[in-house]
1. Within segment 46-58, work out how many residues are closer than 17 Å to SER142 by Cα and assigned to a helix (DSSP H, G or I).
2. Have a look at ILE9, ILE43, ILE57 and point out the one that is within 16 Å of the ligand (Cβ to nearest atom) and among the hydrophobic types (A, V, I, L, M, F, W, C).
3. For segment 119-137, enumerate the residues that are touching a strand residue (DSSP E or B) at 6+ places or on another chain (Cβ under 6 Å) and more than 19 Å from ARG74 (Cα to Cα).
4. Go through segment 197-215 and give me each residue that's among the β-branched types (Val, Ile, Thr) and within 13 Å of the ligand (Cβ to nearest atom).
5. Only residues in segment 95-114 that are modelled with pLDDT under 80 count as the first member; pair them with residues that are buried (at least 20 other Cβ atoms within 10 Å of the Cβ) and among the small types (Gly, Ala, Ser), Cβ under 6 angstrom, at least 6 apart or cross-chain, and list the lot.
6. Within segment 26-43, can you find the residues that are more than 24 Å from ARG203 (Cα to Cα) and crowded, with 17+ Cβ neighbours inside 10 Å?
7. What is the number of the single condition among (1) under 20 Å from SER228 (Cβ atoms); (2) of a type in the set (Lys, Arg); (3) free of Cβ contacts under 8 Å to residues at least 24 places away in the same chain that ARG185 does not meet?
8. Quick check on my filter: what residues within segment 83-97 are out of contact with any Pro (no Cβ under 9 Å at 6 or more places or on another chain) and not in a helix (DSSP H, G or I)?
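The values are calculated or read from the model by the stated rules, or taken from the named source; none is laboratory data. Every value quoted in this text rests on a predicted model; they were computed, and no experiment measured them. Don't worry about glycine lacking a Cβ; one is built from the backbone with ideal geometry, like all the others, and counts go over all protein chains shown.
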Amino acid sequence: MHDAPRCPICDSRDLRAEPPFASCLACGCVQQSWPFDARRRDILTGQVIAAPDANRIESARGIIDLLQSHVHGRRIFDVGFGDGAVLAAGARKSWQVAGIDLAPACLAGVPDLEATIEIGDFLTRDNERGDDAGSYDVVMFSYSLEQMDDANVAMQGASALLSPGGIVYVELVPLSELHDRGPDRARNELPQRVLFPEAQHIRELLWKHGLTIEDETVGVGWRWIARSR
Ligand SMILES: [Zn+2]
């Protein structure tokens, strides 16, 4: 039995539960209330992954172009790679690609990349002492950070995988943007989604791990690019 989690943003234990959500009284960040919905694991593991369509392939290519404008090296680790579109776009541009996802169905999207991708849980992966610690130019969380049980541990793992001067890429929809899209939008993302941060909370999480924010882009999802020392 786990204890109720701390706030992943500010580490406070002062969380006010209003199921299905809980808010941190110190920083205001909202999470799924504890205990997290027991169906999550099965839903995430059993996801059916649609093959990327032309729009998705184009947007994945755009993400690789954006990353190339920020780093010289071409080694990427994609946390929760899903349909594998970003990894496939990277591989076509001679990036060394790797990643992890909970859903075995994800392998179907990138059959030729099976050697370097893993099915499993990023939070229990040995990111700090594994063979590939400190070896990536980019660690990516594209709509995956908010699904992790503990975003703080996830960011710690990302920092451990980065080479000096490497970047973390985060893309997600902040809570107030969800509210703008309709009263039930936040609730509709349950039970898969744990974290419902505002943009300020993501900035604080990146800073907490010694990362410097270089870019913040407001779009369908907000994007942050933050560099390690
Ligand atoms: Zn907090």
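1. The total comes to 4.
2. Every option except ILE9 fails the conditions.
3. The answer is GLY120, PHE122.
4. Initially, segment 197-215 is screened for residues among the β-branched types (Val, Ile, Thr), giving 202, 212-213.
Residue satisfying the conditions is ILE202 alone.
5. Matching pairs, first to second residue: GLY109/GLY84.
6. Once the filter is applied, which keeps residues that are more than 24 Å from ARG203 (Cα to Cα) and crowded, with 17+ Cβ neighbours inside 10 Å, segment 26-43 yields PHE36, ARG40.
7. Looking at each condition in turn, ARG185 falls short on (1).
8. LYS93, SER94, TRP95, GLN96, VAL97
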